[in-house]
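Computed from the coordinates by the stated procedures, all read-outs in this text should not be read as laboratory data. Predicted model, so just to flag it, every value in this text is computed and none were measured. Ideal geometry is used to build each Cβ from the backbone, glycine not excepted, and the neighbour counts take in all protein chains shown.
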2 protein chains.
Amino acid sequence: MMTKKQTLPLDQVLVGDCIELMNSLPEKSVDLIFADPPYNLQLGGDLLRPNNTKVDAVDDHWDQFDSFRHYDEFSRDWLNAARRILKDTGAIWVIGSYHNIYRVGTVMQDIGYWVLNDIVWRKTNPMPNFRGKRFCNAHETLLWCSKNAEQKAITFNYEAMKQLNEGLQMRSDWLLPICSGGERLKDDKGKKVHPTQKPEALLQRVLMATTRQGDVVLDPFFGTGTTGAAARRLGRHFIGLEREEDYAKAARERIAKVQMLDGDSLELTESKRSLPRIPFGAVIERGLLAPGEKIYDNRGNVAALVRADGSIAHKDAAGSIHQVGAQVQGAPACNGWTYWHYKCDGRLVSIDNLRSQLRKELGQVSA
Amino acid sequence: MMTKKQTLPLDQVLVGDCIELMNSLPEKSVDLIFADPPYNLQLGGDLLRPNNTKVDAVDDHWDQFDSFRHYDEFSRDWLNAARRILKDTGAIWVIGSYHNIYRVGTVMQDIGYWVLNDIVWRKTNPMPNFRGKRFCNAHETLLWCSKNAEQKAITFNYEAMKQLNEGLQMRSDWLLPICSGGERLKDDKGKKVHPTQKPEALLQRVLMATTRQGDVVLDPFFGTGTTGAAARRLGRHFIGLEREEDYAKAARERIAKVQMLDGDSLELTESKRSLPRIPFGAVIERGLLAPGEKIYDNRGNVAALVRADGSIAHKDAAGSIHQVGAQVQGAPACNGWTYWHYKCDGRLVSIDNLRSQLRKELGQVSA
DNA sequence: TTGCCGGCTGAATCTTACC
DNA sequence: CGGTAAGATTCAGCCGGCA
């Protein structure tokens, strides 16, 4: 893995066509791709534009495609190139609005990507609909996809997201302001450098949720480098691809100023799944429970006998704490650690406490 | 216009294939179409809740398709039939989830529909993600489209929508509960009649926004008739198409009981506003505090490290501002917002001030 | 009558480590 | 690689039972 990383142009902005540049990179080499492709706003010429007010509309030449067909071809090409360089354990995010996201989503599904969630970025401060002819277009959509449907190991920092949402699991609708104020890059004359600069908070949430420290994040439409800024701040590597030298230059200068957070503040709330596995037998071996003792369900109604080999017995049934727990309840499955309790000063205490205790002891020795 | 209306099967539920039924209706004869087509969910095995009960999944035969290609063909067929019967001044709504909405959106654009807005229905009470492997899938998407791009006269009751949103322009994200409680149709045994009954409030908003009194609203996937119930209540005509006689029967009985409104009592259906809940993580994401900073108790004796995921760490303890606050004090609970302070010009200031600040910025946008 | 508590449920593409 | 067993995992709202 290190050798692969060493051949990658880490923490750099490469100028050129993103498809050619991606094709020049080794296959299966990046952990995450974040893409903010052109939005195809000018479909069919000026008459058909969905919003023909003159509010600094997006009319740069890179945003022009003469038909849905061309846009679909373009999407298929860059999404295929992206898929090649993605690790088999990797994932991709694509952001868009109703002008392009339905095209993009269909192409992604067609070439084998598997949708994990679609996420709605709700803007606290969207541009109003000036004519009063439509609903205020107050959101954009992100697609989070794995490389294929069979893929199991996806990085998803569930507990960290739950923390961020004050103890409730994070939903698919995110409320964040648009990029403005000091964060928005301006040139000497105070004109914005890029028409669609994304807020860094959005990228931070994406990277916090679906990458780990040291991961490689590639952005094929780098623009002024919000992905790079967020990656650097969070201790991830980035690779930025951008066709326009002016944007690339602005991005490099911007990212150089970013203060990287230190390791402690990047520590994520850990999931139980990442903790070392403790067999119930270890609890017996260490003498936290003795063979011959009884363990009970949470009300003390059901009692099972603890045996020396770490199995337990209840009436005819014998086996692991999980198997017997399931059988006793007539349930298809059971987490024995939370189902069973032992008596301590007359009160029932979860055996999961014994596991925690053991983990603490082991941590000081091995880890 | 009256002659045309007289040939239409107004305020009826027709049983049969929706494409054939639509083809039997006169062209350019309906004002609005609302469609809730099959979502083409692709479920694996059973899903168990943490308490080992089984989730009652949508596994009905009508939701099964062999492939995306078959689903696309199906979509193209019914959307073309719908387009023929739509008046040139008419519009269409289609609702879906990430499983199908990207397919539907692409087909709609391909056959000439023009997207006016995409609308996000944010559920106040979605089903959680039981396994902790994804973001909670808390929304569905609606596409609002005109028959073609050139179409000028679209019914959009801008002022009514603005009223409904307390004087502010209605946004593209709508917060509404799912259909449950007394509104949910149940059979004798208390089993739900239809697996995916939509809330009437959603349909009311759609019809309030994009139809006038006396308009004809057609629903090709009528199910248990939420569109019909909302139409009748609001003084619009409906035409319901439904393949299953059982659903059609339930719909007829339901609609017959609906009281038609003559006044302006609709506002009652709109949810009340309460103070938006602000997770501590939002304070970090928005940059009001930076990861790596320290927060203190009111005397500055206890210091905790702020981490990027919105958790804080103090000695061995890590968790939410509330959890760590409680642990530090040896208390069973703690309001972290009032316990913790940050340093500002050498003085200690409550982090609750940051929450107030954020609430002010959010203003009328319900979090 | 009111309030509290436990149980049930909703369009869901929902596991992973070890042998 | 496949098979097997361990074991991690939920939020809001409605309803009924009971104090």
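Indicate the gyration tensor shape class of the stretch B:9-103 (rounded, prolate or oblate), computed on the Cα atoms with a ≥ b ≥ c the square roots of the eigenvalues: a/c under 1.5 is rounded; otherwise a/b larger than b/c is prolate and the rest oblate.
Prolate.
Would you please give the FRET efficiency between A:ASP316 and A:GLN357, computed as 1/(1 + (r/R0)^6) with r the Cβ-Cβ distance and R0 = 25 Å, to the nearest 0.05?
Using R0 = 25 Å, I get an efficiency of 0.20.
What residues have an amide H closer than 5 Å to that of B:VAL193, excluding those fewer than 5 places away on the same chain, when H is modeled at 1.01 Å from N in the peptide plane?
B:LEU185, B:LYS186, B:ASP187
Quick one: among B:GLY235, B:GLY287, B:GLY310, which has the greatest mean-square fluctuation in a GNM of chain B with alpha-carbon springs under 10 angstrom?
The residue that fluctuates most here is B:GLY287.
Sort shortest first the distances from A:ASP88 to its counterpart in every other copy, using label points 7 Å along the Cα-to-beta-carbon line, and give them in nm.
5.8
Would you mind checking A:LYS272/B:LYS191; A:LYS198/B:LYS147; A:LYS162/B:LYS315; B:LYS87/B:LYS186 for any pair whose Cα atoms are more than 26 angstrom apart?
Going by Cα-Cα distance, A:LYS272/B:LYS191; A:LYS198/B:LYS147; B:LYS87/B:LYS186 fall outside the 26 Å limit.
How far apart, in nm, are the 7 Å Cα→Cβ label points at A:CYS344 and B:VAL15?
6.4 nm
Can you work out the base-10 log of I(q)/I(0) for the protein assembly as shown at q = 0.05, 0.07 1/Å, using the Debye formula on its C-alpha atoms alone?
Log10 I(q)/I(0), no solvent term: -0.29, -0.58.
Using the Karplus equation 6.51 cos²θ - 1.76 cosθ + 1.60 (θ = phi - 60°), what ³J(HN,Hα) coupling, rounded to whole Hz, does each residue of the stretch A:241-251 give in order, writing x for Gly and Pro?
The phi angles translate into 10, 8, 7, 9, 4, 4, 5, 4, 5, 4, 5 Hz.
For chain A, modelled as a Gaussian network with Cα springs under 10 Å, which listed residue fluctuates most, A:ARG254, A:ARG355, A:ARG84?
A:ARG355
Quick one: with label points 7 Å out along Cα→Cβ, list the inter-copy distances for A:ASP297 in nm, shortest first?
When each copy's label point is compared with this one, the spacings are 4.2 nm.
Assign unit charges at the C-beta atoms only (+1 for Lys and Arg, -1 for Asp and Glu), then state the dipole size of chain A relative to its Cα centre in Debye, rounded to the nearest 20.
Taking the Cα centre of chain A as origin, the dipole is about 940 debye.
Using the 7 Å Cα-to-Cβ label point, sort the distances from B:TRP62 to its equivalents in the other copies shortest first and give them in nm to one decimal.
Sorted ascending, the copy-to-copy spacings read 4.7 nm.
For chain B, modelled as a GNM with alpha-carbon contacts under 10 angstrom, which of B:PRO195, B:PRO332, B:PRO38 fluctuates the most?
B:PRO332
Would you order B:TYR71, A:TYR102 from fewest to most other beta-carbon atoms within 10 Å of each residue's own beta-carbon?
In order of increasing Cβ crowding within 10 Å: B:TYR71, A:TYR102.
From the backbone phi of the stretch A:17-24, what are the Karplus-calculated ³J(HN,Hα) couplings (6.51 cos²θ - 1.76 cosθ + 1.60, θ = phi - 60°) in whole Hz, Gly and Pro given as x?
Per residue, the Karplus-derived 3J(HN,Hα) values read 6, 5, 5, 4, 5, 5, 5, 8 Hz.
Which of B:LEU21, B:LEU358, A:LEU241 has the fewest other C-beta atoms within 10 Å, and how do the rest follow up to the most?
Arranged by neighbour count, lowest to highest, B:LEU21, B:LEU358, A:LEU241 become B:LEU358, B:LEU21, A:LEU241.
How high is the relative contact order of chain B, in percent, with contacts defined as C-alpha pairs under 8 Å that are six or more residues apart?
Computed value for chain B: 15 percent relative contact order.
In Å, the Kirkwood hydrodynamic radius of the stretch B:280-365 over pairs of distinct alpha carbons?
Hydrodynamic radius (Kirkwood, Cα only) of the stretch B:280-365 equals 13.0 Å.
Rounded to whole Å and sorted largest first, list the principal axis extents of the Cα atoms in chain B.
Reported extents, whole Å, longest axis first: 82, 47, 41.
If the cut-off is a Cα-Cα distance under 19 Å, which aspartates and glutamates reach B:LYS360, setting aside same-chain residues fewer than 8 apart in sequence?
Within reach: B:GLU166, B:GLU285, B:ASP352.
Report the calculated FRET efficiency for B:ASP46 and B:ALA331 (r = Cβ-Cβ distance, R0 = 60 Å), to the nearest 0.05.
0.90
Per residue of B:157-168, count partner chain C-beta atoms within 10 Å of its C-beta, then hand back the mean as an integer.
1
Take every Cα pair under 8 Å in the stretch A:280-365 that's 6+ residues apart, average their separations, divide by the length, and report that relative contact order as a whole percent.
23 percent
Is it possible to state the helix-based mean residue ellipticity at 222 nm for the protein assembly as shown, with each DSSP H run of 4+ residues giving -39500 (n - 2.57), the sum divided by total residues, to the nearest 500 deg cm²/dmol? What is it?
-8500 deg cm²/dmol
Got a sec? How would A:LEU175, B:LEU202 order by Cβ neighbour count within 10 Å, fewest to most?
Placing the least packed residue first, the sequence is A:LEU175, B:LEU202.
Using each residue's phi in the stretch B:73-90, evaluate 6.51 cos²θ - 1.76 cosθ + 1.60 at θ = phi - 60° and report the 3J(HN,Hα) Karplus result to the nearest Hz, with x for Gly and Pro.
So the J values, rounded to whole Hz, are 4, 4, 5, 4, 5, 6, 6, 5, 4, 5, 5, 5, 7, 6, 4, 5, 9, x.
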